[in-house]
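Take a look at the structure set out below.
The values are calculated or read from the model by the stated rules, or taken from the named source; none is laboratory data. Small disclaimer: the values here were computed from a predicted structure and weren't measured. Backbone-built Cβ (ideal geometry, glycine too); neighbour counts: all protein chains shown.
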Amino acid sequence: MGKTRAVLCGYYGKGNGGDEALLASLLQMLPASVTPVVLSGNPSLTHQQYGVESCDRLSTFQVLRAMRQSDAFIWGGGSLIQDATSARSHLYYAGLMGLAQQLGLKTIAWAQGIGPLKRQLTRWAAQRSFSGCQAVSVRDNGSAHLLANWQIPCLQAPDPVWALASSPVDRLWDLPAPRVAVSWRSHPELTSQRLNKLTRALVSFQEATQTCILLVPFQASQDLSIAESIASQLKGEHQIFCLEDPRELKGLFRGVEMVIGMRYHSLIMGAAAECRCFALSYDPKVNYLMAELNLPGWDLQQLPDDPNFISRTWLEYYVNGDPLNGDQIHSLVDRALMHRDLLTEMLS
């Protein structure tokens, strides 16, 4: 049987650890008979990191050439179809999916987290795009419910990053234990007032626990300045980890006791490594994950006013909270591999 060429489309090559983890998971799950072509914001880095063919996601010529030379088109995971962060990003993704369908490629929407969809145009474009796909898989109940309302069949399974292979991290084990990972991101809901409260709470938490705080920016352009601000106020051991390899990013959580995370995939990676995870939600996808895993946390809009209360809550969970057990993690990993089975069925 000849090789199948598949264009992989996502928020790749933009320095976002969660989206890179989804790409790494997709590449890990593709059948051996498939040759991937990745649309990337940094094609040379994507080629260097993963050893795959890559082209500029914003070059009309390169994207058209890749599609015309390929057999399949895959939306490669995550919140691609939403209008919360941008009024235009969904048009880019929906436009490429529509083009792929017009060119006769086999189209797959893979491991999607759909929404929020606040605009009527976005909802129309999303429904049209998903209805034209040969296969759809989603990662949460909210996305599955939306597609059911549109009468579009789909597979629902946990996020593929549950099944991503991890790699060890240099220097991690040289740091004193116990360790707590913090992964916060820039967002309108994380106002300077709320960030100040959370930072004061984290300082108190560290003083009470004598933990080493690992500050983990998932996207340096959005997260690093926050990590540096927090680091400047911590009095105990701490380290900022900026990791480009998503397998190392996941491996970092193997050396951590607890995660205080805004980033969706920091919570998945932490939970997969049997860490206690406390969520700070800015997006429905985090709320879905909190409900699915029964994670404690707060919506940022309902963040308590008292930093001491926040700190005491974290301390109570650090001392008495329970991580997922091995059976739960094994079940989530097994079910996440259903996304691999869909690819095998559609592309082999």
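Answer with yes or no whether Glu207 is farther than 20 Å from Glu257 by Cβ, surrounded by fewer than 23 Cβ atoms within 10 Å (Cβ to Cβ) and of a type outside the set (Gly, Ala, Ser). For Glu207, the condition - farther than 20 Å from Glu257 by Cβ, surrounded by fewer than 23 Cβ atoms within 10 Å (Cβ to Cβ) and of a type outside the set (Gly, Ala, Ser) - is not met. Hey, can you tell me all the residues within the range 237-259 that are within 21 Å of Cys275 (Cα to Cα) and outside any helix (DSSP H, G or I)? If the condition is that a residue be within 21 Å of Cys275 (Cα to Cα) and outside any helix (DSSP H, G or I), then Glu237, His238, Gln239, Ile240, Phe241, Cys242, Leu243, Asp245, Val256, Glu257, Met258, Val259 are the ones that fit. For the range 227-246, the criterion of being surrounded by fewer than 21 Cβ atoms within 10 Å (Cβ to Cβ) and of a type in the set (Ser, Thr, Tyr) is met by at least one residue. Using the structure shown, decide if Pro168 is in contact with a helix residue (DSSP H, G or I) (Cβ under 7 Å, 6 or more places away or on another chain), at pLDDT 95 or above and surrounded by fewer than 21 Cβ atoms within 10 Å (Cβ to Cβ). So Pro168 passes the test.
The residues on offer are Ala126, Ala148, and the sole one that is assigned to a helix (DSSP H, G or I) and more than 16 Å from Lys285 (Cβ to Cβ) is Ala148. Given the condition without any contact (Cβ under 8 Å) to a residue 24 or more places away in the chain, over 29 Å from Leu117 (Cα atoms) and in contact with an Asp or Glu (Cβ under 9 Å, 6 or more places away or on another chain), answer yes or no: does some residue in the range 163-182 qualify? There is at least one residue in the range 163-182 that is without any contact (Cβ under 8 Å) to a residue 24 or more places away in the chain, over 29 Å from Leu117 (Cα atoms) and in contact with an Asp or Glu (Cβ under 9 Å, 6 or more places away or on another chain).
Any residue at all in the range 43-62 that's farther than 30 Å from Gly142 by Cβ, at pLDDT 95 or above and surrounded by 24 or more Cβ atoms within 10 Å (Cβ to Cβ)? Checked against the condition, which is being farther than 30 Å from Gly142 by Cβ, at pLDDT 95 or above and surrounded by 24 or more Cβ atoms within 10 Å (Cβ to Cβ), the range 43-62 yields at least one hit.
Of all the numbered requirements in (1) among the charged types (D, E, K, R); (2) assigned to a helix (DSSP H, G or I); (3) farther than 18 Å from Val182 by Cβ, Asp305 misses one, and that requirement is (2). Does Leu39 meet the test of being out of contact with any Pro (no Cβ under 7 Å at 6 or more places or on another chain) and closer than 20 Å to Ala336 by Cβ? When the stated conditions are applied, Leu39 does not pass them.
Report yes if some residue within the range 27-41 is over 30 Å from Ala148 (Cα atoms), out of contact with any Phe, Trp or Tyr (no Cβ under 9 Å at 6 or more places or on another chain) and outside any strand (DSSP E or B); otherwise report no. Within the range 27-41 (the criterion being over 30 Å from Ala148 (Cα atoms), out of contact with any Phe, Trp or Tyr (no Cβ under 9 Å at 6 or more places or on another chain) and outside any strand (DSSP E or B)), the answer is yes, since at least one residue qualifies. Number of residues in the range 307-333 that are among the charged types (D, E, K, R) and in contact (Cβ under 8 Å) with a residue 12 or more places away in the chain equals 1.
Restricting attention to the range 173-204, the residues being assigned to a helix (DSSP H, G or I), surrounded by 16 or more Cβ atoms within 10 Å (Cβ to Cβ) and either among the small types (Gly, Ala, Ser) or in the same structural domain as Gly77 (by TED's automatic domain parsing) (or both) number 2. Exactly one residue out of Leu280, Leu347, Leu243 is under 18 Å from Gly77 (Cβ atoms) and either modelled with pLDDT of 95 or more or outside the structural domain of Pro188 (by TED's automatic domain parsing) (or both), and it is Leu347.
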